[in-house]
1. Quick check on my filter: what residues within region A:180-189 are surrounded by 24 or more Cβ atoms within 10 Å (Cβ to Cβ) and closer than 26 Å to B:Pro208 by Cα?
2. Given the residues B:Tyr210, B:Tyr158, B:Tyr178, B:Tyr189, which is the only one that is in contact with a Phe, Trp or Tyr (Cβ under 7 Å, 6 or more places away or on another chain) and among the aromatic types (Phe, Trp, Tyr)?
3. Going through region B:241-264 one residue at a time, which ones are more than 14 Å from every other protein chain (Cβ to nearest Cβ) and either within 21 Å of A:Ile263 (Cβ to Cβ) or open to solvent by 40 Å² or more (accessible area, probe 1.4 Å) (or both)?
4. Considering only residues that are in a helix (DSSP H, G or I) and aliphatic (A, V, I, L, M), look in region B:58-88 and name the one that is surrounded by the fewest Cβ atoms within 10 Å (Cβ to Cβ).
5. Tell me yes or no: at least one residue of region B:37-52 is of a type outside the set (D, E, K, R), open to solvent by 30 Å² or more (accessible area, probe 1.4 Å) and more than 22 Å from B:Ala229 (Cα to Cα).
6. Among the candidates A:Ile135, A:Ile112, which residue alone is within 14 Å of chain B (Cβ to nearest Cβ) and touching a residue at least 24 places away in the same chain (Cβ under 8 Å)?
7. Before we move on, is B:Leu55 more than 20 Å from B:Leu12 (Cα to Cα), surrounded by 15 or more Cβ atoms within 10 Å (Cβ to Cβ), modelled with pLDDT of 95 or more and not acidic (Asp, Glu)?
8. Any idea which of (1) without any contact (Cβ under 8 Å) to a residue 60 or more places away in the chain; (2) in contact with a helix residue (DSSP H, G or I) (Cβ under 7 Å, 6 or more places away or on another chain); (3) over 30 Å from A:Arg216 (Cα atoms) is the one B:Leu59 doesn't satisfy?
Number of protein chains: 2
Amino acid sequence: MALTFSDVMEHLAAGIQLPVNTVDKLEPDAAGTEVQGIVTAFAASQYVVEQAARLGANLVITHEGVFYSHQGHGSALEQDSVYQEKSALISSSGVGIYRFHDTIHRYALDGIVEGLLQELEWEAYVERHLPEVSILSIPEMTVSGVAEYLKQKLNIPYVRVAGNLSATCSRVGVLVGYRGNGHSVIPMYEQESLDLVIAGEGPEWEVPEYIRDAVRQGKDRGLIMLGHAESEAPGMKLLAARLSRQFPEVPVQYIQEQPVFQIL
Amino acid sequence: MALTFSDVMEHLAAGIQLPVNTVDKLEPDAAGTEVQGIVTAFAASQYVVEQAARLGANLVITHEGVFYSHQGHGSALEQDSVYQEKSALISSSGVGIYRFHDTIHRYALDGIVEGLLQELEWEAYVERHLPEVSILSIPEMTVSGVAEYLKQKLNIPYVRVAGNLSATCSRVGVLVGYRGNGHSVIPMYEQESLDLVIAGEGPEWEVPEYIRDAVRQGKDRGLIMLGHAESEAPGMKLLAARLSRQFPEVPVQYIQEQPVFQIL
C-alpha cells in the first residue's frame, strides 16, 4: 500500500497532545497524497522548496513556517512579489509543506534539543532536562574554547558571545530557538549554578545585559547565541535520519541552509 | 533656585502624551532632589551607574531599564545576586534613574531616530518619516559599502548583514531598537521601493528569512542589523548635548558602552 502524507504525519504526531492554537499543519491540505520523497529543513525557504522539487520529493517537513512569521502571515503580505513568487513555486512544484514545530518540541525529550545535543556529542554530559533548558556538566573549557567547539561541531562560521571569554565553564544550560529570553534564562544561572548558557536567539537587552552586569561585578558568567536556525536545524537533520529508517521505501533528505546573516 | 530632577523631567516630557502603561519613570521616586550632574546612556548598566557615581552625577537618564526587561522584573529576580549587588550600588550611590523610553520616541521627530540620523550625517537624505521607519534616498552604494560606512560613523566593530553584499542601494529604510520585525519591515520594501533596511534587532526568522528568499528569487534586497543598543545609543548621546545646552549650570555627560556581544 502506498505511503501517504497522512501516514507520515500520524507517525510523527503519535501520542502527542497539541495546544488548541498549534501552528503545526500541512499546506496545502492534501493528506491523502502519495509520498514520493521527503525533505526536512529548518524552514521552507525558496531554496529548500526548489531543492525538494529538484529531488522529486513532494513532502517538505520544516520547523519554521513558510512566510516569515510564527503565527502565519497577514493579508498585506499577499501583495508582495516575494510572497507571490514563492506561492507560485509551491503550487507549481506540487509539494505539501508540513509545519512541524509544536509536535517535535513536545516529544518526551524535545526532538530539537536532542538533535542539537547529538550533533555536539554532548548527550553523556546531560544532568537533566527541564521544560525549556537542558542542564549539562561538560569537561572544563574556557568560554572561547566552547565557542570554537560549537563552531566546529555545527559547521557554522561564527557565534555571538557575551561575557568573559577566558572564564572557565563546566555547568552549561542549553536552550534552542527563541528561548534565549530573560524570563527563561536569567533565573537558571543561580538556580542551576550555571557558568554558561548556550541558546539560539533572544532580545539583546535581556540576558546579554544581565551578563554584562554580572561580569562587571566579577561574576564569570557567559552566554553564547548560536543563531535561531543554527540551534534548531540539527533537530531537523536528526528527524530526517529517523524518517529514513522508519520509511525505507521513500528517499528522505535533510537540506542545510547557510546562516542568514553574514558578519561584516 | 536649585535645579531638581523634577525640573529636568518636566522639560523633557513637555507636551508629550504618554500611554497609560508607560515604562517611563524615575526610580527611586525622589523628584525633588537637587541635580548634581546628569549622565545619559542606552541602559543603566552596572558600569554606567558606577561612572555616574564617580563623576558625581546623581541623575541617570537611560533609554532601557535597569533590570533586563522592558516591562520591569518579576519578583524571582530579587533572589539573584547580580540584582542584589546592582540594587545595593544604586542605593549606596544615591542616584535616581529616569527611564526615558516612551517619551523620546514620541517627540515630533523621534529623538532616538534623530540621534542615529545625525550621527550618520544622513539627515539631508531623509524623504519622510513614517511612524516607525524613516525613508531615505542616499547616494548609491553597495550593501557592503553601507555596512562599512555605518561601522565607521557609529564606531562599532561589526554589523550583521542579510542579502547580496554587492547589490547597489539607494532607497533605504531606517528603524531603531526592536522595530526590525517582520510586521514593521517587510511591507516597506515594496510600498516604499526600498533596496535596504537598517534596523537595531528583530527575530531572525522574520525579515532575514524574507531577504533570503528575495535574493534567491533574484530581487536585490538587503538588511543590516546594527544591534539594539548601537541603533539607539546615538539618540541618548544627542540628548546629553541638548541637556547640556538647556541646563548649563550642571555637568551633563553621555556614557558609551561596548557592544554586548563579541563575534567569535
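1. Quick first cut of region A:180-189, residues surrounded by 24 or more Cβ atoms within 10 Å (Cβ to Cβ) only: A:180, A:185-186, A:189.
Selection gives A:Gly180, A:Val185.
2. B:Tyr210 is the lone residue from the list that is in contact with a Phe, Trp or Tyr (Cβ under 7 Å, 6 or more places away or on another chain) and among the aromatic types (Phe, Trp, Tyr).
3. Going residue by residue through region B:241-264, those that are more than 14 Å from every other protein chain (Cβ to nearest Cβ) are B:241-254.
Scanning region B:241-264 gives B:Ala241, B:Arg242, B:Ser244, B:Arg245, B:Gln246, B:Pro248, B:Glu249, B:Pro251, B:Gln253, B:Tyr254.
4. Out of the qualifying residues, it is B:Ala88.
5. Taking every residue of region B:37-52 in turn, none turns out to be of a type outside the set (D, E, K, R), open to solvent by 30 Å² or more (accessible area, probe 1.4 Å) and more than 22 Å from B:Ala229 (Cα to Cα).
6. On the way: A:Ile135 fails: within 14 Å of chain B (Cβ to nearest Cβ).
Of the residues listed, the single one that is within 14 Å of chain B (Cβ to nearest Cβ) and touching a residue at least 24 places away in the same chain (Cβ under 8 Å) is A:Ile112.
7. Numbers: more than 20 Å from B:Leu12 (Cα to Cα): yes; surrounded by 15 or more Cβ atoms within 10 Å (Cβ to Cβ): yes; modelled with pLDDT of 95 or more: yes; not acidic (Asp, Glu): yes.
In short, yes.
8. Only one criterion is unmet by B:Leu59, namely (3).
The values are calculated or read from the model by the stated rules, or taken from the named source; none is laboratory data. All values reported here derive from a predicted model rather than from experimental measurement. We place every Cβ from the backbone using ideal geometry, glycine too, and count neighbours over all the protein chains shown. Just the protein is used for accessible areas: all its heavy atoms, side chains included, with ligands, DNA and RNA removed. Shrake-Rupley method; radii C 1.70, N 1.55, O 1.52, S 1.80 Å.
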